[in-house]
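> Starting off with a structure, shown below.
Coordinate-derived values only; no laboratory data. As the structure is a prediction and not an experimental result, all values here were calculated from the model. Positions of Cβ are generated from backbone atoms using ideal geometry, with glycine treated the same way; all protein chains shown enter the neighbour counts.
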Amino acid sequence: MTGFTVVIPARFASSRFPGKALADIGGKPMVVRVAERAARSGASAVYVATDDARIEAAVREHGIEPIATRADHATGTDRIAEATRKLALADNAIVVNVQGDEPLIDPRLIAKVADVLAHAGDAEVSTACHPIFRADEVFSPNVVKVVLDARGHALYFSRAPIPYARDAWRAACGGVDAPSGLPCYRHIGLYGYRAGFLGRYSQLAPSPLEGFEALEQLRVLWHGFRIAVAISETESPPGVDTPEDLEKVRKLGIVWQ
């Protein structure tokens, strides 16, 4: 199995749900639930990178090591980059960024994202996706799509319906599901990085593409780096962006350990 480290960025501040990292799920803070899932992926180590003393204390209480980071990071990737520097990982070490609001993340997918990067020598980053077929998802700007090349590398990410099935949708305007064989994939926000690249990433200028699409990963492609993509045959479980999302996760009937 590919050796890798998981780092979970976690802030207390959140525009839609302040303090969600510490929201209770089955008797433990959500960020702890995420770390427990990550630990089942086979990772060599799991850390929580945070700028908040309350989160530090909560994860330490449950045997998870926190990494104190600055409060002024613009993105979670920048926070991961600082944590990676503090860990002094080798440049070729693989770091998987697992979002702190994904308490149902599949540990096998975390491992798969690490493994696809380990076997893609020309890529600096990896991520994941799953097939989508429903027209409402294909045409929704809230669903991020990714188009792949022959080697499974990302060509582009977009909120637009790509690839566009011209003939099938010419008259329907998205009213029919994706035609059979259309390689349409929904992006899953899980990332693997080579540790050395994380140090370079924070120095890359933002691209105009990411500004318009509101997709940070386009910065990587804009500057000519490759992103290897692991394809999951199943949909990713829901994350927690709002209090309503939290209630949905709590009601799923999962027996939390």
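> Among 176-189, 105-118, 18-31, how do they line up from the highest to the lowest mean number of other beta-carbon atoms within 10 Å?
105-118, 18-31, 176-189
> Still on this structure, I have one more. Name the lysines eligible as straight-distance cross-link partners of K145: C-alpha to C-alpha under 23 Å, and not fewer than 8 places from it in the same chain.
Within the straight-line cut-off, K145 pairs with K112.
> Additional query: Of F225, F212, how do they rank once you tally other Cβ atoms within 10 Å and put the fewest first?
The fewest-first ordering by Cβ neighbours comes to F212, F225.
> Can you give the extra length, in nm with one decimal, that the chain gains between S44 and D136 once fully stretched, where that is 0.36 nm per residue apart less the Cα-Cα distance?
Using 0.36 nm per residue and subtracting the Cα-Cα distance, I get 29.2 nm.
> Neighbour counts of other C-beta atoms within 10 Å: give me H153, H62 arranged from fewest to most.
Fewest to most other Cβ atoms nearby, the residues stand as H62, H153.
> Something else: I'd like the antiparallel share, as a percent to the nearest 5, of DSSP beta bridges with both residues in the chain.
Roughly 50 percent of the beta bridges in the chain run antiparallel, per DSSP.
> Quick one: what does P(r) look like for segment 187-257 with 10 Å bins over all Cα pairs, in whole %?
Final binned percentages: 15, 34, 29, 19, 4.
> Follow-up. With n ≥ 4 as the cut-off for DSSP H runs, can you work out [θ] at 222 nm for the chain, using -39500 (n - 2.57) per run divided by the number of residues, rounded to the nearest 500?
Here the helix-only value at 222 nm equals -8000 deg cm²/dmol.
> Sticking with this one: Out of residues 5 or more away from V125 or on other chains, whose amide H comes under 5 Å of its own, with H placed 1.01 Å from N in the peptide plane?
For V125, whose amide H was placed from the backbone, the distant partners under 5 Å are R226, A228.
> Taking a label point 7 Å from the Cα of A214 along the Cα→Cβ vector, which residues of segment 118-143 have an amide N closer than 13 Å to it?
141-143, by backbone N distance to the label point.
> Taking every pair of alpha-carbon atoms in segment 5-237, give the share separated by more than 20 Å as a whole percent.
61
> I'd like the Karplus ³J(HN,Hα) series for segment 57-71: coefficients 6.51, -1.76, 1.60, θ = phi - 60°, whole numbers in Hz, and an x wherever there's a Gly or Pro.
5, 5, 6, 5, 4, 9, x, 10, 7, x, 10, 6, 10, 5, 8
> Relative contact order for the chain: what is it in percent, counting Cα pairs under 8 Å that are at least 6 residues apart?
Relative contact order here is 22 percent.
> Oh, and also: With θ taken as phi - 60° and the coefficients 6.51, -1.76 and 1.60, list the Karplus ³J(HN,Hα) couplings across segment 155-165 in order, rounded to whole Hz; mark glycine and proline as x.
Those phi angles translate into 8, 6, 10, 7, 8, 7, x, 10, x, 8, 7 Hz.
> Report, in debye and to the nearest 20, how large the dipole of the chain comes out about its Cα centre when Lys and Arg carry +1 and Asp and Glu carry -1 on their Cβ.
Value, rounded to 20: 140 debye.
> Which order, highest average first, do 162-169, 34-41 follow once you tally other Cβ atoms within 10 Å for each residue and take the mean per peptide?
Highest to lowest by the protection proxy: 34-41, 162-169.
> Can you give me the angle between helix 30-39 and the longest principal axis of the chain, using Cα atoms only, in degrees from 0 to 90, rounded to the nearest 10?
That works out to roughly 80 degrees.
> Here is a follow-up. Per residue of segment 16-22, in order, report the coupling 6.51 cos²θ - 1.76 cosθ + 1.60 (Karplus, θ = phi - 60°) as ³J(HN,Hα) in whole Hz, putting x for Gly and Pro.
9, 7, x, x, 5, 4, 9
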